[in-house]
Amino acid sequence: MIIDHNHPLYKAKRNAMTRDGKYNGAYYYSKEIVKNIIPRVKTDRNWITIRLPEMTVHPDHSIIFIHNNKNPNYYSYLRNYHDCILVCSLRSTAENLRFFGKTIVLPLSVDVKQVEKYRVKEKTLDKAYAGRKLKLSYFTNRVPKGVDILSGMPQTSLFREMAKYKTIYASGRTAIQAKILGCEVLPHEANFPDSSIWKVLDNKEAAKMLQKMLDEIDHPI
């Protein structure tokens with residue numbers, strides 16, 4: 001069983017979002033997980049690639065991707081699941097969620113070849129922030145005033161716009177994508193003060209890493 005961004009409850013929730021929320025990173029990451037990671041991993045476990053606490057059916061023996069690194073309480077509903085593996089992108093997140101199930105750390109990954117298509121020979125613009133506008137309201141936000149804002153747009157449009165800039169303020173997968181596009185990436189969140197933590201990793205390589213970790217859990221030698 002695969003519960004992903006195509007689940008009716010998730011689609012209904014996404015359709016009700018503003019543009020700023022609709023084109024969020026978790027949605028696009030789920031699409032890449034389903035396309036590039038799941039087909040390359042052998043397991044008898046179920047897959048859950050999105051956060052959907054509204055769901056009343058809770059399949060046990062699942063691999064669950066965690067998308068939020070700041071608020072572990074968002075995942076308290078995981079108590080309804082049993083024998084699950086929680087895939088976290090940061091070690092700190094894995095430690096916070098260890099009470100809800102087995103946790104493993106799989107760095108964020110992207111479809112490198114897809115992003116590379118949008119590279120340009122010459123950058124014509126200086127600096128921009130790429131991400132949800134909501135984050136700009138945080139008091140810990142470090143984005144200077146007057147910087148261009150790239151938000152609320154489909155992913156391909158974001159790639160096309162980011163590629164024009166020399167410097168991008170971003171975090172997570174957006175930061176990785178900006179690096180592939182040849183941008184200098186600067187941090188904007190106090191939680192992630194060093195942009196070097198966002199390393200370029202292709203989905204297919206991440207699938208190999210995930211397979212190895214799953215085998216160590218489900219088929220120990």
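Brief remarks follow.
- Considering only the chain, percent of DSSP beta bridges that pair antiparallel, nearest 5: 5
- Linear extension gain, ILE197 paired with HIS219, 0.36 nm per residue minus alpha-carbon span: 4.9 nm
- Summed over qualifying helices (DSSP H, 4 residues or more, each -39500 (n - 2.57)) and divided by its residue number, the chain shows a 222 nm mean residue ellipticity of -8000 deg cm²/dmol.
- Comparing mean-square fluctuations of SER195, SER151, SER76 from a GNM of the chain with C-alpha springs under 10 Å, the top value falls on SER76.
- Shown for PHE65, PHE192: other C-beta atoms within 10 Å of each C-beta, ranked fewest to most, produce the order PHE192, PHE65.
- For a straight C-alpha distance cut-off of 25 angstrom, the lysines reachable from LYS117 (same-chain residues fewer than eight places away being disregarded) are LYS22, LYS31, LYS35, LYS127, LYS164, LYS166, LYS179, LYS199, LYS204, LYS208.
- Among the trypsin sites (Lys or Arg not before Pro) within segment 166-221, those in coil by DSSP and having at most 14 neighbouring Cβ atoms inside 10 Å are LYS199.
- Alpha-carbon centroid distance for the pair segment 19-68 / segment 117-183, whole angstrom: 25
- Full extension of the chain between VAL112 and SER157 gives 14.6 nm of extra length, using 0.36 nm per residue less the Cα-Cα distance.
- Overall form of segment 112-197 per C-alpha gyration tensor (a/c, 1.5; a/b vs b/c): prolate
Rule-based calculations on the coordinates, nothing more; no lab input. Predicted, not measured: the structure shown is a model, and the values here were computed from it. Glycine also receives a Cβ, built like all others from the backbone with ideal geometry; neighbour counts cover every protein chain displayed.
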